[in-house]
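This report concerns only the one structure given below.
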Amino acid sequence: MPLDRKIGVSAPVLSHDLAVAGLTKAYGPAAPVFTDVSFSVARGEAVALVGANGTGKSTLLRCALGLIAPTRGTVDILGTRIGPGATAQMRGLRAQTGLVAQKHNLVPRLSVLSNVIHGLLGQGAGPRYWTHMLAPAEARDAAMAALEKVSMADFAHRRADRLSGGQSQRVAIARALVGRPRLLIADEPTASLDPAAGEEVMALFFSLVRREGVTVIFISHNMSHALSYGDRVLGLARGQLRLNAPARDLKIADLRGLYD
Amino acid sequence: MTDRTIPARFERPSALAFLGYGAAVLLILWSFQGAGWSADRLMRSPPALADFMSRSWPPSTHNLGRLSLKMVETLQIALAGAVLGVLLSVPVAMLAARGLIAGPVVNSVVRIVLGFFRAVPDIAWALVFVVAVGLGPFAGMLAIVVDTLGFCGRFFADDMEGVDKGPAEALTATGARRIDIAACAVIPAAMPAFISTSLYALEKAVRSSTILGLVGAGGIGIELKVGFDLFDYPTALTVILMIAVVVIGVEQLGVLARRKIIGVER
């Protein structure tokens, strides 16, 4: 399938959990990261974002979650247009979103259980959620249930910096899922893991998000992951969205052009 | 073709750099002159020092009980002042740290105030608090609080700005408030640095508290002053030795505590 086959811009509608239109990010006039990117993600859909290093994939997804302000363009999360200044509204939206990063980003000196309870901060803010020792019983139960799902319940009291890479990423997934988000962004969640652990974490992650109907956008350099776990594949190359097509219509060879 | 010339061991400085080095040397020489450098007086000092040592040796043990009580008071001033200063430093540093809970204007104002606390020496703070709350250890403790706040407030803020931003970003993405992000992601990550800085603050407080007595702010310093004023050099030497033992002891405890609590020597 040729690159540059874009499937048009979708208008922000409620059945889309994420819609970006004309999104541009530039660090000064001479340093555009990406230009005029438009796509939408339907509820429950899993979308893979692929492209070579430095093409702005991570920046694009962080703009889509409102973590970085875009230079131009609009972002609608869960049917709500986000913009600067609406902090309380953003927090309400973010309580329904989550991020699993390349590095697990757990807080090193805290327990696994406290780290997972932190995933509930968007819903129950305040000092009681700062540590598992003070957390309400329902928050502790929810965190333990999330750890059960990733087979890490036995490690609840262990310090996060004493886990292996695969274990840490499982805990990061539990933290992202404990608040039952509707939209998750996964930025190369297996990049820091060895191939076996990476496969395991990917399979676990997608079995959970599929079961719970979470909308996912994930970045991956593993083309077979992009095609097997994604319903659709977005391809970013030289700052432009060059590919937006159903995964079932694509082959690995179709994606290679994005890395030229 | 690549240039495979071996780099010179020493780069020839630019004219501007050469001028800079020259200016630095002149500045240092000028400082020695301002500090009253005198080789003649330095050469004449060993006999005077030897005379002092002969008149002060052996150290006096007559007042050891009273001096020990004063040393305990000194340590109490240092510990109470350092603990209160460290506790106050955490919220103040949160306001001073850029991008944490407060905007840039608040960050700048708080950093300027902390800079002022640091710029005024602890002995001057002690004089101020002697005027404000009267003679005695309470004035000394308040001086230590302000000095510790200036020191820890700045370094805690720098430590928090320097932590890995990943955990904070992950919590931001779940809708956590800034204060929750600071409490859950930033402070725990900065905790080893906080502990290390706090132990330095305690060591610094112990050193400071030994001289605050010179201006009537409690502690053993007053005994040193009285010893010299009355030419009771054996007692003065006892005080100096006690201060040295306690300060070195606290420093060693600090090294031990750092190794035990955070697993590193800093």
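Values quoted throughout were computed directly from the atomic coordinates according to the rules given, and no laboratory measurement underlies them. Note that the coordinates shown come from a computational prediction; the quantities given were computed from them, not determined experimentally. Cβ: placed from backbone, ideal geometry, glycine included. Neighbour counts: every protein chain shown.
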*Once amide H atoms are placed 1.01 Å from N in the peptide plane, what residues at a sequence separation of 5 or more from residue A:46, or on another chain, have their amide H within under 5 Å of its amide H?*
A:216, A:231, A:232
_For region A:194-260, which GluC sites (Glu not before Pro) pass both filters: DSSP loop (anything but H, G, I, E, B) and at most 16 other C-beta atoms within 10 Å?_
A:212
*Going 7 Å from the Cα of residue B:165 in the Cα-to-Cβ direction, what parts of region A:160-198 have a backbone nitrogen less than 18 Å from that spot?*
A:187-188
*First check a/c for region B:129-266, with a ≥ b ≥ c the square roots of the eigenvalues of its C-alpha gyration tensor; if it is under 1.5, answer rounded, and if not, answer prolate when a/b is larger than b/c or oblate otherwise.*
oblate
*Where does the charge balance sit around residue A:222 when Lys and Arg score +1, Asp and Glu -1, over other residues with C-beta under 10 Å from its C-beta?*
-2
*Among B:199, B:100, B:230, whose mean-square fluctuation peaks in a Gaussian network model of chain B (Cα, cutoff 10 Å)?*
B:230
*Counting other beta carbons within 10 Å of each Cβ, put B:262, A:219 in order, fewest first.*
B:262, A:219
*Roughly how many nanometres apart are two label points built 7 Å out from the Cα toward the Cβ at residue B:109 and residue B:6?*
6.1
_Label-to-label distance, nm, for residues given as residue B:231 and residue B:251 (7 Å Cα→Cβ offset)_ = 3.4
*Only bridges with both residues in chain A count here: give the DSSP antiparallel percent, nearest 5.*
55
*What net charge is computed for the residues neighbouring residue B:249, neighbours being all others with C-beta under 14 Å from the C-beta of residue B:249, Lys and Arg scored +1, Asp and Glu -1?*
-1
*For chain A: rounded, prolate or oblate by the Cα gyration tensor [a/c cutoff 1.5]*: prolate
*Please give the FRET efficiency for residue A:158 paired with residue B:84, using the beta carbon to beta carbon distance and R0 = 35 Å, rounded to the nearest 0.05.*
0.50
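Calculate the FRET efficiency for residue A:69 and residue A:151 from the Cβ-Cβ distance with a Förster distance of 45 Å, rounded to the nearest 0.05.
For residue A:69 and residue A:151, the calculated efficiency is 0.75.
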_Inter-centroid distance (Cα atoms) of region B:8-34 relative to region A:128-197, Å_ = 56
_For a Förster distance of 51 Å, can you work out the FRET efficiency between the beta-carbons of residue A:221 and residue B:18, rounded to the nearest 0.05?_
0.50
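How would you classify chain B from its alpha-carbon gyration tensor, with a ≥ b ≥ c the square roots of the eigenvalues: rounded for a/c under 1.5, else prolate if a/b is greater than b/c, otherwise oblate? List each step's numbers first, then the result.
Values: a/c = 2.14, a/b = 1.26, b/c = 1.69.
It is oblate, given that a/c is not under 1.5 and a/b is not larger than b/c.
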*Points 7 angstrom from Cα along the Cβ direction at residue B:135 and residue A:212: gap in nanometres?*
6.9
